Amino acid sequence: MAVPFDRIPDSLGYLVLTEDGAVVNSGGDLENKEDVANQFMNIIQTALRIPLSSSKKDKFKKLSIVWDNFMYVITISAHKIYICKRRFIPPDAAMA
(Lines give C-alpha, C1' and ligand atoms only; values in the text may rest on other atoms or scores of the structure.)
Protein backbone atom coordinates (compact mmCIF):
# COMPACT_ATOMS: atom_id res chain seq x y z
CA MET A 1 0.00 0.00 0.00
CA ALA A 2 1.47 3.35 -1.03
CA VAL A 3 1.51 6.14 1.51
CA PRO A 4 0.03 9.36 0.09
CA PHE A 5 2.79 11.71 1.22
CA ASP A 6 1.24 14.52 -0.83
CA ARG A 7 -1.66 14.49 1.66
CA ILE A 8 0.58 15.23 4.63
CA PRO A 9 0.31 18.93 5.50
CA ASP A 10 3.48 20.93 4.81
CA SER A 11 5.32 17.88 3.43
CA LEU A 12 8.67 18.74 1.81
CA GLY A 13 9.93 15.23 1.07
CA TYR A 14 9.95 11.62 2.19
CA LEU A 15 11.89 8.37 2.40
CA VAL A 16 10.52 4.85 2.77
CA LEU A 17 13.12 2.34 3.97
CA THR A 18 13.23 -1.37 4.63
CA GLU A 19 14.16 -2.51 8.14
CA ASP A 20 17.79 -2.81 7.03
CA GLY A 21 17.86 0.74 5.62
CA ALA A 22 17.46 0.14 1.88
CA VAL A 23 15.53 2.95 0.16
CA VAL A 24 12.24 1.64 -1.27
CA ASN A 25 10.75 4.98 -2.27
CA SER A 26 11.63 8.66 -1.99
CA GLY A 27 10.48 12.06 -3.16
CA GLY A 28 10.73 15.80 -2.76
CA ASP A 29 13.74 17.14 -0.85
CA LEU A 30 14.72 13.57 0.12
CA GLU A 31 14.56 12.00 -3.34
CA ASN A 32 17.51 9.64 -3.92
CA LYS A 33 19.16 10.75 -0.65
CA GLU A 34 20.70 7.42 0.36
CA ASP A 35 23.34 9.19 2.47
CA VAL A 36 20.55 10.84 4.48
CA ALA A 37 18.80 7.46 4.81
CA ASN A 38 21.99 6.01 6.33
CA GLN A 39 22.17 8.87 8.84
CA PHE A 40 18.55 8.28 9.83
CA MET A 41 19.24 4.56 10.29
CA ASN A 42 21.96 5.45 12.81
CA ILE A 43 19.53 7.71 14.68
CA ILE A 44 16.78 5.07 14.60
CA GLN A 45 19.08 2.30 15.83
CA THR A 46 20.18 4.53 18.71
CA ALA A 47 16.59 5.45 19.58
CA LEU A 48 15.52 1.80 19.56
CA ARG A 49 18.15 1.03 22.23
CA ILE A 50 16.69 3.59 24.66
CA PRO A 51 14.51 1.77 27.20
CA LEU A 52 11.07 3.36 27.43
CA SER A 53 9.82 1.09 30.21
CA SER A 54 11.07 -1.58 32.55
CA SER A 55 9.75 -4.32 30.23
CA LYS A 56 12.14 -3.19 27.46
CA LYS A 57 9.53 -4.31 24.92
CA ASP A 58 8.14 -0.83 24.38
CA LYS A 59 9.65 0.97 21.39
CA PHE A 60 8.98 4.44 20.08
CA LYS A 61 5.95 4.86 17.82
CA LYS A 62 6.94 8.20 16.34
CA LEU A 63 10.17 10.15 16.51
CA SER A 64 10.35 13.85 15.60
CA ILE A 65 13.56 15.76 14.96
CA VAL A 66 12.81 19.47 14.95
CA TRP A 67 14.94 22.24 13.42
CA ASP A 68 14.13 25.95 13.14
CA ASN A 69 12.17 25.76 9.85
CA PHE A 70 11.55 22.07 9.24
CA MET A 71 11.27 18.74 11.02
CA TYR A 72 11.60 15.06 10.27
CA VAL A 73 8.88 12.72 11.49
CA ILE A 74 9.88 9.05 11.62
CA THR A 75 7.53 6.11 12.08
CA ILE A 76 8.02 2.37 11.83
CA SER A 77 5.08 0.30 10.59
CA ALA A 78 4.63 -3.00 8.77
CA HIS A 79 8.39 -3.64 8.67
CA LYS A 80 9.03 -0.34 6.89
CA ILE A 81 10.49 2.95 8.10
CA TYR A 82 8.69 6.11 6.99
CA ILE A 83 10.51 9.43 7.16
CA CYS A 84 8.72 12.64 6.25
CA LYS A 85 10.35 16.05 6.06
CA ARG A 86 7.80 18.71 6.95
CA ARG A 87 7.81 22.46 7.21
CA PHE A 88 7.93 23.45 10.88
CA ILE A 89 5.91 26.45 11.92
CA PRO A 90 6.65 27.15 15.60
CA PRO A 91 3.70 28.07 17.75
CA ASP A 92 3.32 31.77 18.31
CA ALA A 93 5.21 32.76 21.47
CA ALA A 94 2.19 34.80 22.58
CA MET A 95 0.03 31.65 22.50
CA ALA A 96 2.47 29.51 24.50
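In the chain, how many lysine pairs have Cα atoms under 17 Å apart, counting only pairs 8 or more places apart or on different chains?
Count of close lysine pairs: 7.
Taking a probe of 1.4 Å, how large is the accessible area per residue of region 16-96, in Å²?
Counting only protein heavy atoms, the per-residue value for region 16-96 is 71 Å².
Ignoring ligands, DNA and RNA, how do S11, S54, S26 rank by accessible area with a 1.4 Å probe, largest first?
From most accessible down to least: S54, S11, S26.
Express the carbon and sulfur contribution to the solvent-accessible surface of the chain as a percent, rounded to the nearest whole number, probe 1.4 angstrom.
52 percent
At 37 °C and a viscosity of 0.692 mPa s, what translational diffusion coefficient does Stokes-Einstein give for the chain, taking Rh as the Kirkwood radius over Cα pairs? Give it in µm²/s as a whole number.
229 µm²/s
Can you sort R7, R86, R49 by solvent-accessible area, 1.4 Å probe, largest first?
R7, R49, R86
The values are calculated or read from the model by the stated rules, or taken from the named source; none is laboratory data. These numbers come from a predicted model, not from an experiment. Only protein heavy atoms, including side chains, enter the accessible area calculation; ligands, DNA and RNA are left aside. Shrake-Rupley method; radii C 1.70, N 1.55, O 1.52, S 1.80 Å.
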